[in-house]
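Asks: Let me give you the structure first, and then I'll get to my questions.
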């Protein structure tokens with residue numbers, strides 16, 4: 001499948017809200033629910049020009065929005081950022097997450113010039129952490145009872161991928177253009 005990355009735009013907000021409110025997405029993410037168009041539009045406006053974020057929408061060759069992802073907490077001095085991804089809930093399990101993640105890792109290291117990409121995932125999100133471990137992320141620790149959701153404490157796994165580790169990957173590709 002071909003993936004076409006674009007900067008996240010205001011036109012993507014209704015789909016973002018629908019995905020965030022979908023149990024298949026929010027069961028493993030830390031959003032305030034329910035998400036609304038108004039709050040998401042305010043978030044979008046507040047983040048215009050925010051150099052500590054890079055948000056993307058990913059489309060297939062038919063123009064369907066298949067994923068959203070990017071980086072938050074970009075720290076230029078420490079050259080690190082937190083990775084996030086959401087795959088269209090109706091298209092999960094088709095390898096889209098892997099393709100989009102690899103594109104984002106390549107973007108983070110070659111365009112943003114990061115030394116480290118890190119992420120958090122729920123301890124019970126086996127599919128996610130298997131993907132990250134296969135991509136080369138190293139489990140750096142577990143944050144015990146770190147998030148309270150649906151009347152239950154959940155552990156968060158903390159993973160990191162260093163530039164030196166990315167340089168050894170067969171899927172490494174330098175990206176030279178901003179999107």
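None of the figures in this text is laboratory data; all of them are computed from the coordinates on show. From a predicted model like this one, the values you see are computed outputs, not experimental measurements. All Cβ positions, glycine included, derive from the backbone under ideal geometry; neighbour counts span all protein chains shown.
Asks: Listed highest first by mean packing, meaning other Cβ atoms within 10 Å per residue, what order do 145-152, 61-68 come in? Mind dumping the intermediate values first?
Replies: Details: 145-152: 10.9, 61-68: 15.0.
Ranking, from highest mean packing down: 61-68, 145-152.
Asks: Further question on the same structure: Can you tell me how much longer the chain between residue 6 and residue 94 gets when fully stretched, taken as 0.36 nm per residue apart minus their C-alpha distance, in nm with one decimal? The partial results should precede the final answer.
Replies: Numbers: separation 88, 0.36 × 88 = 31.68 nm, distance 2.05 nm.
Full extension from residue 6 to residue 94 adds 29.6 nm.
Asks: Still on this structure: Cut-off 13 Å, label point 7 angstrom out along Cα-to-Cβ of residue 60: give me the residues of the stretch 84-102 whose amide nitrogen falls inside.
Replies: 88-97
Asks: Next question, about the same structure. Checking a compactness column here: for the stretch 3-45, what do you get for Rg(Cα) / (2.2 N^0.38 Å), N being the number of residues?
Replies: 1.19
Asks: If you don't mind, there's one more thing I want to ask. Ranked from highest to lowest mean number of other Cβ atoms within 10 Å per residue, what is the order of the peptides 3-15, 76-88? Could the numbers behind the result be given before it?
Replies: On the way: 3-15: 14.3, 76-88: 17.9.
Sorting 3-15, 76-88 by mean packing, highest first, produces 76-88, 3-15.
Asks: Say each of residue 113 and residue 22 gets a label point 7 Å from the Cα, pointing the same way as Cα to Cβ; how far apart are those two points in nm?
Replies: Those two pseudo-labels are separated by 3.7 nm.
Asks: Quote the FRET efficiency, to the nearest 0.05, computed for residue 126 versus residue 150 with a Förster distance R0 of 22 Å and r equal to the Cβ-Cβ distance. Walk me through the numbers before you get to the answer.
Replies: Numbers: r = 18 Å, r/R0 = 0.84.
Efficiency, rounded to the nearest 0.05: 0.75.
Asks: Same structure again: Can you give me the distance in nm between label points at residue 48 and residue 170, each placed 7 Å from the Cα along the Cα-to-Cβ direction?
Replies: Those two pseudo-labels are separated by 4.5 nm.
Asks: Moving on to the next point. Take the Cα pairs of the stretch 4-168, get the Kirkwood Rh, then feed it into Stokes-Einstein at 37 °C and 0.692 mPa s and tell me D in µm²/s. Numbers along the way, then the final one.
Replies: Values: Rh = 16.5 Å.
Calculated translational D: 199 µm²/s.
Asks: Okay, moving on. Could you compute how fast the stretch 78-177 diffuses translationally, taking Rh as the Kirkwood radius over C-alpha pairs and applying Stokes-Einstein at 37 °C with viscosity 0.692 mPa s? Give it in µm² per second.
Replies: Numbers: Rh = 14.4 Å.
Rounded, D is 228 µm²/s.
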